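The values are calculated or read from the model by the stated rules, or taken from the named source; none is laboratory data. Remember, predicted model here, so these are calculated numbers, not experimental data. Cβ: placed from backbone, ideal geometry, glycine included. Neighbour counts: every protein chain shown. We work out accessible area using only protein heavy atoms, side chains counted, and drop any ligands, DNA or RNA first. Shrake-Rupley method; radii C 1.70, N 1.55, O 1.52, S 1.80 Å.
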Amino acid sequence: MKSIVIKELKIMLKEKGNFFFLILMPIIFIVLFASILGNIAEGGVVEQIVPGYMVMFVFFIWISMVNRFQTERESGMVARLRSTPMHPSVYLVGMWLPAVISVLIQCIVLLAFGYFVYNVHLGNVGAVSLIVLCLALCGTGLGLGLSLVVKSFNQGLAITQVFALGGAMVAGLWFPLDMMPQFVQTIGKFTPQSWAQTGLQDVMV
């Protein structure tokens, strides 16, 4: 399993698309919306924006995970591994852990960006770290499940966009949830994004 983890982690860290979707794009969105919403020193705007976009873009790791599984299938690697004594769970964990590590790096970078650039108050760092770990395990766990059931990369890409953007809309990642209609707030409570955002803001604000 160690060799699978190292191989996949190197691939994920080297892919420019991962850097763009997981690091660069969230920073662009944070800077853009912090500027649009006016005075970021008042009203807790950055405490809404920084964790909100961090949570939203965590789920874009699904794109990379689906792509890796599709590549492994098409190259015949999965078929070859089936003929070896390796247990399927070892292979799945080996493919999953690099995604978890990538998301943890993403969250650390974005929270550090918010802290050093916008002076975001992180509160209890231990509590924030625990929430980020749970978010990483949840987001990549769902991505692993998606990777196993989709038939093509395009199908996975479409589902990722619907879940990431739709979830962000109803979970209060773009605007405070209490500004949304009651039925939207109710729907949002069924999304992992909402629980992650609420937990982070409870600690940070």
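Considering only the stretch 164-182, state which residues are assigned to a helix (DSSP H, G or I), open to solvent by less than 90 Å² (accessible area, probe 1.4 Å) and either without any contact (Cβ under 8 Å) to a residue 40 or more places away in the chain or among the hydrophobic types (A, V, I, L, M, F, W, C) (or both).
Residues of the stretch 164-182 that are assigned to a helix (DSSP H, G or I), as a first pass: 164-170, 177-179, 182.
Okay, now just the ones that are also open to solvent by less than 90 Å² (accessible area, probe 1.4 Å), so 164-168, 170, 177.
The answer is A164, L165, G166, A168, V170, L177.
Pick out the one residue from Q193, Q185, Q161 that is without any contact (Cβ under 8 Å) to a residue 40 or more places away in the chain, closer than 30 Å to V90 by Cα and assigned to a helix (DSSP H, G or I).
Q161
Tally up the residues in the stretch 66-84 that are touching a residue at least 24 places away in the same chain (Cβ under 8 Å) and open to solvent by 30 Å² or more (accessible area, probe 1.4 Å), please. Step through it out loud before you land on a result.
Initially, the stretch 66-84 is screened for residues touching a residue at least 24 places away in the same chain (Cβ under 8 Å), giving 66-70.
Still in the running and open to solvent by 30 Å² or more (accessible area, probe 1.4 Å): 67.
Final tally of qualifying residues: 1.
Can you tell me which residues in the stretch 132-162 are open to solvent by 40 Å² or more (accessible area, probe 1.4 Å) and within 14 Å of P51 (Cβ to Cβ)?
Of everything in the stretch 132-162, just one residue is open to solvent by 40 Å² or more (accessible area, probe 1.4 Å) and within 14 Å of P51 (Cβ to Cβ), namely C134.
Consider S129 against the criteria (1) within 21 Å of I27 (Cα to Cα); (2) among the hydroxyl-bearing types (S, T, Y); (3) open to solvent by less than 10 Å² (accessible area, probe 1.4 Å): it satisfies all of them except one. Which criterion is unmet?
Only one criterion is unmet by S129, namely (3).
Residues in the stretch 109-126 that are open to solvent by 10 Å² or more (accessible area, probe 1.4 Å) and either without any contact (Cβ under 8 Å) to a residue 12 or more places away in the chain or over 18 Å from the mean Cα position of the chain (by Cα) (or both): how many?
Here the count works out to 12.
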